[in-house]
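Everything below concerns the one structure shown next.
No lab work stands behind these numbers, since they all come straight from the coordinates. Since the structure is predicted, the reported quantities are computational estimates derived from the model, not experimental observations. In this analysis, Cβ positions are derived from the backbone assuming ideal geometry, glycine residues included, and neighbour counts consider all displayed protein chains.
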Amino acid sequence: MTITGGELLARCLAREGVKFVFGLPSPEVDPFLAALEDNGMRFVPIRHEAAAAFMAEGLYKSTGQVAATVTNPGPGTANLLPGAINARHEGVPLVAITAQHRLDVVYPSPPSTFQGQDQLDVFRPAVKWGAPIFSWQRIPEVTRMAFREMWCGRPGPVQLEVPMPVMYAEGDESLATVLEPLAYRSRGPQASAAQIVEAAKLLREARRPLLVIGSGVDRANAGEAVLALAAKLGCAVITSMAGRSAVPQDHAHHLYGYGAGADEARCEADVILALGTRLGNLDTPFDKYWGDSSAQKLFQVDLDPRSLGVSRPLALGIVSELGLFVRGLLAELAAYPTRVNAADDLARYREKERSWRERSFSTLSSYNGPGLHPGVVMEAIGRTFGREAIYVADGGFTSLWAHFMLPPTRARSYLNILELGMLGVGIPASIGAKLGNPEREVVCVSGDGAAGFHCMELQSAAREGANVTVVVFSEGSWTMEVPNEQMRYGRTFGTEMGPIRWDKIAEGVGCSGLFVETMADLEPALNEARSATRARPALICVRTDRTANMSIPPSVGQRFGEVYNGPVA
Ligand SMILES: Cc1ncc(C[n+]2csc(CCOP(=O)(O)OP(=O)(O)O)c2C)c(N)n1
Ligand SMILES: [Mg+2]
């Protein structure tokens, strides 16, 4: 039997476990779209191609599943570009299928070509790898190359450029071998036995060991193994901002990265094991927060050698899949007694964190206006939806309040924009998360600046039955940009956005819309949204106060200043 190139491509993606394809239809890709359902895949049309990549991100971060995007030649593929750049920064695997015209008008495309452009060159710096597929016969092979590249090191987007005639070409299916993933690529790097012995020795001999973990642990779903290691070592676990859901934030061994307890733990540690984190700017990897690097041994384990030793000197760097590594380490340490003498240190750090939190957030409980305080609103959201929900945070200061106040979550259940920091990812990412986790509640909390980028995807959500709850912190302002302008110029420019009734926008695209102006109305509205999502997505427009939004703890504000300007003595 003969099959089209589109059908063959669909078979290749299905064999890799792809379940969702985000994008828009066009004649160039119709043979592919026509084959999706029969191959167990769902086509989810979007309202902007960048959002296709953001949906894939929400799906991946919450489930580990890879998705594909499909975009037409020219404009659709151009719109995907920011999505690809973001996926690259966030470490999100993604197969971007960019359609191309017939071969006699491309590479090079003459100026006369409608919607013509050389898309491989446009995408080269944005994707990990990209290639054209010029014949039906090579579809399985080039797709295998793409997946191999995608999973090599830190995951990221790859591009397959498929000209229209290749999609429509027919070939005998018996000539197309579609291999199982493990028939052409490895499971991921694994630490050697000798490296595990060396790592175990470092930890055993440490006076004050410490674990610092990032989003890599969450992606590897290795949080429980890390907690078992912390229990064995009797030490603290600090999560990076992006790795918030790697372990529950209220676990007895956990320390909040920006708190005073974590600062003390890092500065006192003689051996730090960093797992799945690049120790990036947001970790403020300066001696004042980390201690004297010459007196401290840092060892770091990551999927990607490019992430090792980037910002602090290393005593040992190991390239490994994290779950395998931590389980190997636990087996190696099993013969040794659990360290109990570290408990006093841990208790001291935890107490320091508790009093830091009390100092930093004491004004919240007594806050009585004007308007609603975003921190207080976040607490109420957390009380209503609880720790079983998936939270997606977007925005400037608003996302910091989410980070401070939302409840501890399960693994892979707190999604944020902390690698590239791209505003607007939140709403589409929450839709992707909901599609991948239809049985769970998904709540997107968003600044009103961030919400504006992709709020049209609420219509995609309504159409697809992805019944998320979105809470927009509506203060009419790009508030995170205010303090620097005020401090340096004594006035603001460009931060004023004007009022928007987000609930009305939501209603207009088939969602339930709710509007909240007083604290008394908040909890009833949250509950109403919760029940409304049985039928459709819900959006709550909450009138928050922008002065309150700016009142983040001074110690965190200072650190953010240092992210931009370097350490202050
Ligand atoms: C796509 C994009 N454009 C611009 C920025 C720079 N930026 C960072 S925070 C911010 C303000 C965000 O406003 P909002 O989402 O309302 O959050 P708020 O700070 O007001 O809580 C801006 C413009 C960015 N991070 N991403
Ligand atoms: Mg705002």
Can you give the FRET efficiency to the nearest 0.05 for Glu224 and Glu439, using r as the Cβ-Cβ distance and R₀ = 22 Å? 0.55
Counting other beta carbons within 10 Å of each Cβ, put Lys434, Lys232, Lys288 in order, fewest first. Lys288, Lys232, Lys434
In straight Cα distance, which lysines are under 21 Å from Lys434, not counting same-chain residues fewer than 8 positions off? Lys19, Lys61
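Tell me the net charge near Arg15. Cut-off is 15 Å between Cβ atoms, Arg15 excluded, with +1 for each Lys or Arg and -1 for each Asp or Glu.
Values: positive: Arg11, Lys19, Arg144, Arg148, Arg185; negative: Glu7, Glu16, Asp38, Glu141, Glu173, Glu180.
The answer is -1.
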Normalising by the residue count of the stretch 2-183, find the relative contact order in percent from Cα pairs under 8 Å and 6+ residues apart. 28 percent
Any idea what the alpha-carbon Rg over 2.2 N^0.38 Å comes to for the stretch 353-395? 1.34
Given just the C-alpha atoms of the stretch 494-568, how large is their convex hull per residue in cubic angstrom? 149 Å³
Run the Debye formula on the Cα coordinates of the stretch 105-212, all scatterers equal and no solvent, and tell me log10 I(q)/I(0) at q = 0.16, 0.19 1/Å. -0.88, -1.07
The equivalent-ellipsoid semi-axes of the stretch 1-77, taken as the square roots of five times the Cα gyration tensor eigenvalues and listed largest first in whole Å, are 20, 17, 8
Output the antiparallel fraction of DSSP beta bridges having both residues in the chain, as a percent to the nearest 5. 5 percent
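Return the tail of the calculated pair distribution for the stretch 2-183, meaning the percent of Cα-Cα pairs more than 21 Å apart.
42 percent
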When the Kirkwood hydrodynamic radius is evaluated over all pairs of different C-alpha atoms of the stretch 193-358, what value in angstrom, to one decimal, is obtained? 15.4 Å
For the chain, the charge dipole (Cβ of Lys, Arg +1; Cβ of Asp, Glu -1; about the Cα centre) points to a positive end, and the Cα of Ile139, Val482, Leu308 closest to that extreme belongs to Leu308
Give me the extension gain from Arg488 to Leu182: residue separation times 0.36 nm, minus the current Cα-Cα distance, reported in nm with one decimal. 104.5 nm
Give me the distance in nm between label points sitting 7 Å out from Cα along the Cα-to-Cβ direction at Asp521 and Ala569, one decimal. 5.3 nm
Neighbourhood charge, 10 Å Cβ-Cβ cut-off, centred on Arg410 and excluding it, Lys, Arg +1 and Asp, Glu -1: +2
Can you give the three extents of the C-alpha atoms in the stretch 290-430 along their principal axes, from longest to shortest, in whole Å? 56, 39, 32
Taking N as its residue count, the alpha carbon Rg of the stretch 362-552 over 2.2 N^0.38 Å: 0.95
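Sorted from fewest to most neighbouring beta carbons within 10 Å, what does the list Ile196, Ile505 look like?
Ile505, Ile196
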Taking 8 Å as the Cα distance limit and 6 or more residues as the minimum spacing, I'd like the relative contact order of the stretch 362-552 as a percentage. 25 percent
How high is the relative contact order of the chain, in percent, counting Cα pairs under 8 Å that sit 6 or more residues apart? 13 percent
Only four residue types carry charge here, +1 at the Cβ of Lys and Arg and -1 at the Cβ of Asp and Glu. Report the dipole size of the chain about the Cα centre in Debye, rounded to the nearest 20. 1100 debye
Given a Förster distance of 35 angstrom, what is the FRET efficiency for Met1 paired with Tyr107, based on the Cβ-Cβ distance and rounded to 0.05? 0.65
Name the residues of the stretch 252-269 whose amide N is less than 17 Å from a point 7 angstrom out from the Cα of Asp344 along the C-beta direction? 265, 268-269
Whole-number D in µm²/s for the chain (Stokes-Einstein; Kirkwood sum over Cα pairs; 20 °C, 1.002 mPa s): 86 µm²/s
Quick one: which of 147-159, 414-426, 51-63, 480-492 comes out on top by average Cβ neighbours within 10 Å, and what's the full order, highest first? 51-63, 414-426, 147-159, 480-492
Inter-label distance for Ala535 and Arg42, nm, one decimal - labels placed 7 Å from Cα along Cα-to-Cβ: 2.1 nm
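Cβ under 15 Å from Lys352's Cβ, Lys352 left aside: what net charge do those residues give with Lys, Arg +1 and Asp, Glu -1?
-1
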